[in-house]
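Take a look at the structure set out below.
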Amino acid sequence: SSECGVLVNSTLKSPGYPFTYPADMDCEYSVPIPPGGPMGIYFVDFDVDYDFVKIANDQNYTFGEYCGRRTGQTVAVYGNFAFITFHSDPYVEKRGFFFHFKTVSPVPPKITLPAVVEALPSYRVTIPVTGTLPIYTAIIRNSTVLVNTIYTAAFQFYNESNCTSVAFNNYGYDIREFSVIFKECGVLVNSTLKSPGYPSTYPADMDCEYSVPIPPGGPMGIYFVDFDVDFDFVKIANDQNYTFGKYCGRRTGQRVAVYGNFAFITFHSDPSVEKRGFLFHFKTVSPEPPKITLPAVVEALPSYRVSIPVTGTLPIYTAIMRNSTVLVNTTYTAAFQFYKESNCTSVAFNKYGYDVREFSVIFKECGVLVNSTLKSPGYPSTYPADMDCEYSVPIPPGGPMGIYFVDFDKIFDQYFLHCRYDFVKIVNDQNYTFGKYCGRRTGQTVAVYGNFAFITFHSDPSVEKRGFFFHFQTVSPVPPKITLPAVVEALPSYRVTIPVTGTLPIYTAIIRNSTVLVNTTYTAAFQFYNESNCTSVAFNNYGYDIREFSVIFKGKEM
């Protein structure tokens, strides 16, 4: 359609470029390919999020389906015509694309595989090849074709093999002999141990077990020189069936002290994402008696779980006692959920000594307004889970009060922006809601009016963050100001929003021919299907603003 735009001077732009393209749109373009060679489609600019562009030709060959950010990429297409399809979904819109078309020199295929490929059993070997598409690639072993496909051939080898790879297109061919040899899980070398393939990624769906002797006379330190395994894991145990830990994610720089006769290290990778893996270094370390680092007074909230931090050579046995009653007795880190204030004793011991620490648990509540500031429970440490706090803050007479978010960090609800998890809600004594806030909002200011601001804080039972730090001060009231231009260029069915600033609440309306199209609180928006002359009106307790504007449709010159 005319809204999609057309090829102009060997360029093609998405609807509305460089502004955001419309939602829920489908466009198709047909671009002639000059005779005599392939045509290059150069991505001068490309940002479409989860929407996509598909490029095919008149021979029904698909060169690719592209999404996200791909600025700088070039796609070489052949045939008589390139067919380009653009689709946007009903959700997020981005800047779109800007393509430039020009004839490029054809390139015969070139295989860049080394002569010897080291792999693990069941590892998938891929034949990297460059050149003008389409490229047909095959892997052959003992005159048997293992795979024959378009562009990139790959095969899962269960045996060591001598093979031939062949690639050809309309402009030439390439042949490369290669051998696949297997490497195993690896062994301890010079007091170091590496994951399979390190520093390259380890294989998927793999299990390795290692046995490392522990020198007599003291524990052995396992140093995580490098460690990145995502959701895969390494488990460290000893010959006495004691597990020192199960480790995943990134842990470079960590040290684990193990005792016994042998350290048994298990590595497991799942069938999905692979990372760089691990590099361990082993050496004897001096044994350390336990040391409890708990303060003498622990401030907590009711039902808060208090943990006893302890260092030393594992295994460490730790207990919490209250009035001669053992509340918990466990290995390494003891923790207990306190429902009342208590005087307690913590005891930790291992083979090399013990430590005893007296401590008191005292409760702190939600907190109160102090010197025009309010902080979340435990700030700047993380707030407790599964908590509800309510605060009432008087608003000085004569003008609105500003709530300045000095610091604000809570869980972000990435799907619906409804703040379903942890949040702060701000209302006034007239039952007007100024907002419900989550995520990161440091630096924001909310102006509230009335006699009181009621602030509600809720945390769910899962992840906790740092919380909030608010500062309150009187601010000057601001009448509304509409910042819409006099002429709004849009596409048919495009949603036009009336931007307005000022002290809340602001009531905003859009009027056309004396008919109110929309009347709402704060931001008014309307979907226009016809060009229109309209009036926007915004008012609050401190004034009003009126702005005439015209909506005209642009035909998408490309």
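State whether the residues of region 461-470 include one that is closer than 21 Å to Pro499 by Cα and within 34 Å of the chain's Cα centre (by Cα).
Looking for residues that are closer than 21 Å to Pro499 by Cα and within 34 Å of the chain's Cα centre (by Cα), one finds none in region 461-470, hence no.
Mind listing just one residue for me: the one in region 147-163 that is hydroxyl-bearing (Ser, Thr, Tyr) and part of a loop (DSSP other than H, G, I, E, B) and, of those, farthest from Gly131 (Cα to Cα)?
Checked region 147-163; the qualifying residue farthest from Gly131 (Cα to Cα) is Tyr158.
Going by the conditions given, is Val424 touching a strand residue (DSSP E or B) at 6+ places or on another chain (Cβ under 9 Å), part of a strand (DSSP E or B) and within 30 Å of Leu294 (Cβ to Cβ)?
It is false that Val424 is touching a strand residue (DSSP E or B) at 6+ places or on another chain (Cβ under 9 Å), part of a strand (DSSP E or B) and within 30 Å of Leu294 (Cβ to Cβ).
Considering only region 57-96, state which residues are in a strand (DSSP E or B), touching a Gly at 6+ places or on another chain (Cβ under 9 Å) and closer than 17 Å to Gly37 by Cα.
Selection gives Asn57, Thr74, Val75, Ala76, Val77.
Just the residues that are out of contact with any Ser or Thr (no Cβ under 9 Å at 6 or more places or on another chain), surrounded by 14 or more Cβ atoms within 10 Å (Cβ to Cβ) and not in a strand (DSSP E or B), please, taken from region 254-302.
Scanning region 254-302 gives Gly260, Leu301, Pro302.
Are any residues in region 199-217 surrounded by fewer than 16 Cβ atoms within 10 Å (Cβ to Cβ) and part of a loop (DSSP other than H, G, I, E, B), and if so, which ones?
Once the filter is applied, which keeps residues that are surrounded by fewer than 16 Cβ atoms within 10 Å (Cβ to Cβ) and part of a loop (DSSP other than H, G, I, E, B), region 199-217 yields Pro199, Ser200, Asp205, Pro215, Pro216, Gly217.
Can you find a residue that is without any contact (Cβ under 8 Å) to a residue 24 or more places away in the chain, surrounded by fewer than 18 Cβ atoms within 10 Å (Cβ to Cβ) and in a loop (DSSP other than H, G, I, E, B) anywhere in region 234-241?
Scanning region 234-241 turns up at least one residue that is without any contact (Cβ under 8 Å) to a residue 24 or more places away in the chain, surrounded by fewer than 18 Cβ atoms within 10 Å (Cβ to Cβ) and in a loop (DSSP other than H, G, I, E, B).
Looking only at strands (runs of 3 or more DSSP E) that fall completely inside region 438-535, which ones have 3 or more residues that are in contact with a Gly (Cβ under 8 Å, 6 or more places away or on another chain) and under 30 Å from Lys375 (Cβ atoms)?
Filter on region 438-535 gives 445-448, 467-474.
Between a residue in region 334-352 that is modelled with pLDDT under 95 and among the basic types (Lys, Arg) and any residue that is part of a strand (DSSP E or B) and surrounded by 12 or more Cβ atoms within 10 Å (Cβ to Cβ), which pairs come within a Cβ distance under 9 Å, given they are 6 or more apart or on different chains?
Matching pairs, first to second residue: Lys340/Val361; Lys340/Phe363.
Do you know which of the residues in region 492-536 that are at pLDDT below 90 and at positive phi is surrounded by the most Cβ atoms within 10 Å (Cβ to Cβ)?
Gly502
Suppose we filter Ser195, Ser191 for residues that are touching a strand residue (DSSP E or B) at 6+ places or on another chain (Cβ under 6 Å), of a type in the set (S, T, N, Q) and buried (at least 19 other Cβ atoms within 10 Å of the Cβ); which single one remains?
Checking each option against the conditions leaves just Ser195.
Go over the candidates Val104, Val189, Val180 one by one and state the one that is out of contact with any helix residue (DSSP H, G or I) (no Cβ under 8 Å at 6 or more places or on another chain) and under 30 Å from Met39 (Cβ atoms).
Val104 is the lone residue from the list that is out of contact with any helix residue (DSSP H, G or I) (no Cβ under 8 Å at 6 or more places or on another chain) and under 30 Å from Met39 (Cβ atoms).
Being within 30 Å of Thr11 (Cβ to Cβ), loosely packed, with under 15 Cβ neighbours inside 10 Å and without any contact (Cβ under 8 Å) to a residue 40 or more places away in the chain is the filter here, so list the residues in region 99-142 that pass it.
Within region 99-142, Thr130 is the sole residue that qualifies.
Checking the condition more than 10 Å from Pro290 (Cβ to Cβ) and within 40 Å of the chain's Cα centre (by Cα), which residue from Gly367, Gly312 passes?
Unique residue meeting the criteria: Gly367.
Looking at this structure, is Val92 surrounded by fewer than 14 Cβ atoms within 10 Å (Cβ to Cβ) and within 28 Å of Tyr21 (Cβ to Cβ)?
yes
Which count do you get for residues in region 385-411 that are touching a residue at least 60 places away in the same chain (Cβ under 8 Å), part of a loop (DSSP other than H, G, I, E, B) and crowded, with 19+ Cβ neighbours inside 10 Å?
Of the residues in that region, 1 qualify.
Residue by residue through region 355-384, note down the ones that are at pLDDT 80 or above and part of a strand (DSSP E or B).
Matches in region 355-384: Asp355, Val356, Arg357, Glu358, Phe359, Ser360, Val361, Ile362, Val370, Thr373, Leu374, Lys375.
The values are calculated or read from the model by the stated rules, or taken from the named source; none is laboratory data. These figures come from a predicted structure and were not determined experimentally. Note that we place each Cβ from the backbone using ideal geometry, even for glycine, and neighbour counts take in every protein chain shown.
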